[in-house]
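One structure is given below, encoded as structure tokens.
The values are calculated or read from the model by the stated rules, or taken from the named source; none is laboratory data. None of the values given here were measured: they were computed from a predicted structure. Cβ coordinates were reconstructed from backbone atoms using ideal geometry, including for glycine residues, and neighbour counts include every protein chain displayed.
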Amino acid sequence: MSEKKDFIESVRQKLEDWDYQRDRLAARINDLSHEWKDDAEKRLEEFKVQRKELEGKLEVLESRSEDAWQDIKDGVELAWDGLKTGLLAARSEFEDDKKD
């Protein structure tokens, strides 16, 4: 498999795991107090937008030739890092037992 295809497959696998973690967090939101629940739901909506942007970058990456794909690889990696970090921060914030 080419380096490009390996990279795309790796990011798609990470997104599947991220989707699972996001879904787990969404399920836990119901246990939060009203104040925290509103904040968590807003954050989840932001994640949907960020994920859609990353998906768009992956589609552009897939359409690039083997030689040109490196040009946008860094942007995909940065988008992934932001998405991952955001979810980890939200999970830490909203899964804290003090939010009940």
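Within the set Ala27, Ala79, Ala68, the sole residue that is without any contact (Cβ under 8 Å) to a residue 40 or more places away in the chain and part of a loop (DSSP other than H, G, I, E, B) turns out to be Ala68. Of the numbered criteria (1) within 27 Å of Glu93 (Cα to Cα); (2) part of a helix (DSSP H, G or I); (3) not acidic (Asp, Glu), the one Leu58 fails is (1).
Among residues belonging to region 1-24 that are in a helix (DSSP H, G or I) and hydroxyl-bearing (Ser, Thr, Tyr), point out the one that is nearest to Glu66 (Cα to Cα). Talk me through it step by step, then tell me what you get.
Taking region 1-24 as the starting set, the residues that turn out to be in a helix (DSSP H, G or I) are 3-24.
Those still in the list that are hydroxyl-bearing (Ser, Thr, Tyr) too: 10, 20.
Numbers: Ser10: 16, Tyr20: 31 Å.
By that ranking, first place goes to Ser10.
Residues in region 30-53 that are assigned to a helix (DSSP H, G or I), of a type in the set (Asp, Glu), in contact (Cβ under 8 Å) with a residue 24 or more places away in the chain and under 11 Å from Phe94 (Cα atoms): Asp39 alone.
Criterion first (modelled with pLDDT of 90 or more and of a type in the set (Lys, Arg)) does Lys84 satisfy it? Taking the combined requirement at face value, the residue satisfies it. Within region 28-45, is even one residue among the small types (Gly, Ala, Ser) and at pLDDT 90 or above? The answer is no; no qualifying residue exists.
Of all residues assigned to region 37-46, at least one qualifies as being among the charged types (D, E, K, R), in contact with a helix residue (DSSP H, G or I) (Cβ under 9 Å, 6 or more places away or on another chain) and within 29 Å of Asp71 (Cα to Cα).
The lone criterion from (1) surrounded by 10 or more Cβ atoms within 10 Å (Cβ to Cβ); (2) under 20 Å from the mean Cα position of the chain (by Cα) left unmet by Val49 is number (1).
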